[in-house]
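> Dumping the structure here so I can ask a few things about it.
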Amino acid sequence: MKEINIINFLEDNDIKLSSNFKLGVTSLPSNINFEKKISEIKDKQLHANMKFTFSKPEYSGLADKFSWAKSALLLTYNYKNKTQPSMLVSPGYGQIARFAEEDYYLPLKNKILEIEKVFENLNVKFQSFIDNPSHYDRTFFVSSGLGWQGKSTMMLTPGSGPWQLLSTIYVDFNFKENKNSEFSCGECNLCQISCPTGALDIDYKLDSNKCISYWLQSPEIIPYEIRDAIGNKFYGCDDCLTSCPPGQENKIIVTFNENQRVNLQEIIESDDERLLEKYYWFYIPKRNAEFLKRNAIIALGNNPDNSTSEFFRNVYSKFSTHLKIYILWALVKDNNFELCEQLIKLYDSGNPNILEEYEKLKEMISLVK
Ligand code: B12
Ligand code: SF4
Ligand code: SF4
């Protein structure tokens, strides 16, 4: 059967792909299988007990999932020219990673819906995946000729570099396959040097236990050394993306981007429902706004302004023990251990968890001295 060029097919069906989208095709069956690689990361505990694709690697990593599928389409959305890198240093403010400054998955989802409609009208079977635990989104990226996997583990394309989100459409249609392209990071290791925690010290493998992006989405208590490394990050981490040459402009302009900036005191005082609504596209454990407030407290501890201690004095008693633990740490970061002791005395002299934290903070301070 004659293979059809996907771009011509989409044009014939009135679907336009703006320059933000890239589309590659892999013919199926492909004999690609990432089960072993995903399981290896899991066996070495580099996945930090996350579920996602790690729950069932034998399915999420399997490329040939559907016996009826003849092609896999890998559709990417490049958000690089929608946004700008932001060097945010204002005290009292936190930073959102570029991929999450707005819901950049939305244009990708909408484009998938448009393409799905065409298949539906033609009575062609399909199945799409985007950020779904049942499918490893990076599966067909290299085989579809879109680029390569970098040492940061990000999928990179010349021009857009790592600044792209990925999705897959399995379809019962023979599209012309793209050629696998020959690219590599070569001797570059800038992402590894730029990572503030050493999470990329092993080439091509991410240790999620050390990854800030992971911790800012985790329900676990964040260790002190990670809290320090988080700096002013409120959600996501872009350090290994910003440093990556294939994603950079020739001219580097350090800009200030309002969409990536959050007023941390405002977040901490926000109504929970409103906060969850405002950031509906964030991954937040159990959809519990407390975890966003935790992130904001850490970022404020690392990036205080001259009203920070007074602010924490005023709000401390309103919060759960979980958040109070972070507030006490943040006060220590703001060189105000005295206020820590006052607040504990006033509100929590009988709270064993707070008293335990107090002992740890005392030890931390004595180690620094
Ligand atoms: C779990 C997860 C995370 C975890 C773990 C990330 C990771 N690298 O595994 C955490 C929370 C840390 C995370 C962070 C981020 N994530 Co995330 N995440 C996912 C998710 C849900 C699953 C990824 C997965 O299965 N990992 C499993 C391991 C096995 O995969 P891997 O690291 O890619 O492993 C490969 C390497 O180890 C490689 N390898 C091993 N040895 C060798 C040797 C050589 C020579 C080579 C070439 C390769 C190689 O083989 C493995 C298989 O390919 C996907 C969505 C999905 N459903 O797929 C999004 C996804 C990977 N994330 C994405 C994004 C945007 C991010 C962030 C940039 C967000 C941010 N700004 O904070 C960061 C980037 C951190 C980073 N450097 O990867 C995008 C990545 C797009 C891209 N261009 O690659 C995805 C695909 C979501 C999407 N639909 O677009 N994420
Ligand atoms: S997202 Fe941040 S912490 Fe995670 S690997 Fe990249 S630079 Fe390191
Ligand atoms: S920074 Fe360099 S080594 Fe890291 S992913 Fe980008 S090109 Fe590869």
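Where a number appears in this text, it was derived from the coordinates with a stated rule and is not lab data. Every value quoted in this text rests on a predicted model; they were computed, and no experiment measured them. So basically every Cβ, Gly included, is an ideal-geometry build from the backbone, and we count neighbours across all protein chains shown.
> Could you pull out the longest piece of the chain with no exposed loop GluC sites (Glu not before Pro) in it, calling a site exposed if DSSP puts it outside H, G, I, E, B and it has at most 13 other Cβ atoms within 10 Å?
Numbers: sites that count: E182, E187, E220, E249.
The answer is 1-181.
> Going by a ≥ b ≥ c, the root eigenvalues of the Cα gyration tensor, does the stretch 188-269 fall in the rounded group (a/c under 1.5), the prolate group (a/b larger than b/c) or the oblate group?
Numbers: a/c = 2.66, a/b = 1.12, b/c = 2.38.
The shape class here is oblate.
> Taking the chain as a Gaussian network, where each spring joins two C-alpha atoms under 10 Å apart, which residue of N257, N132, N121 fluctuates the most?
Per the Cα network of the chain with a 10 Å cutoff, N121 tops the list.
> Considering only F54, F319, F175, give the residue with the highest GNM mean-square fluctuation for the chain, with springs between Cα atoms whenever their separation is below 10 Å.
The residue with the greatest mean-square fluctuation here is F319.
> Further question on the same structure: Can you flag which of K37/K176; K22/K286; K36/K56 are past 22 Å Cα-Cα?
K37/K176; K22/K286
> Given Cβ point charges of +1 (Lys, Arg) and -1 (Asp, Glu) and nothing else, what value in debye, to the nearest 20, does the dipole of the chain about its Cα centre take?
Details: 42 positive and 48 negative charges, 100 e Å.
Result for the chain is approximately 480 debye, rounded to the nearest 20.
> Can you compute the radius of gyration and Dmax for the stretch 1-268, using only the Cα atoms, both in Å?
19.3, 63
> With charges set only on the Cβ (+1 for Lys and Arg, -1 for Asp and Glu), what does the dipole of the stretch 312-367 come to about its Cα centre, in debye to the nearest 20? Provide the component values of the computation, followed by the final result.
On the way: 7 positive and 8 negative charges, 42 e Å.
Roughly 200 debye, rounded to the nearest 20.
> Same structure again: Using 19 Å as the cut-off for backbone N distance, which residues of the stretch 37-78 belong to the label zone defined by a point 7 Å from the Cα of N259 along Cα→Cβ?
Backbone N within reach: 76-78.
> In which sequence would T197, T168 go, from the one with the fewest C-beta neighbours within 10 Å to the one with the most?
Values: T197 19, T168 25.
Final ranking by Cβ density, sparse to dense: T197, T168.
> Starting from the stretch 252-359, pick out the trypsin sites (Lys or Arg not before Pro) whose DSSP state is loop and whose Cβ has at most 12 other Cβ atoms within 10 Å. Please list the in-between numbers first.
Values: sites: R261, R274, K278, K286, R287, K293, R294, R313, K318, K324, K333, K345; in loops: none.
Answer by residue number: there is no such site.
> While we're looking at this one, here's another question. Given 0.36 nm per residue, what is the gain on full extension from K205 to E310 after removing their alpha carbon distance, in nm?
Values: separation 105, 0.36 × 105 = 37.80 nm, distance 4.26 nm.
So the extension gain works out to 33.5 nm.
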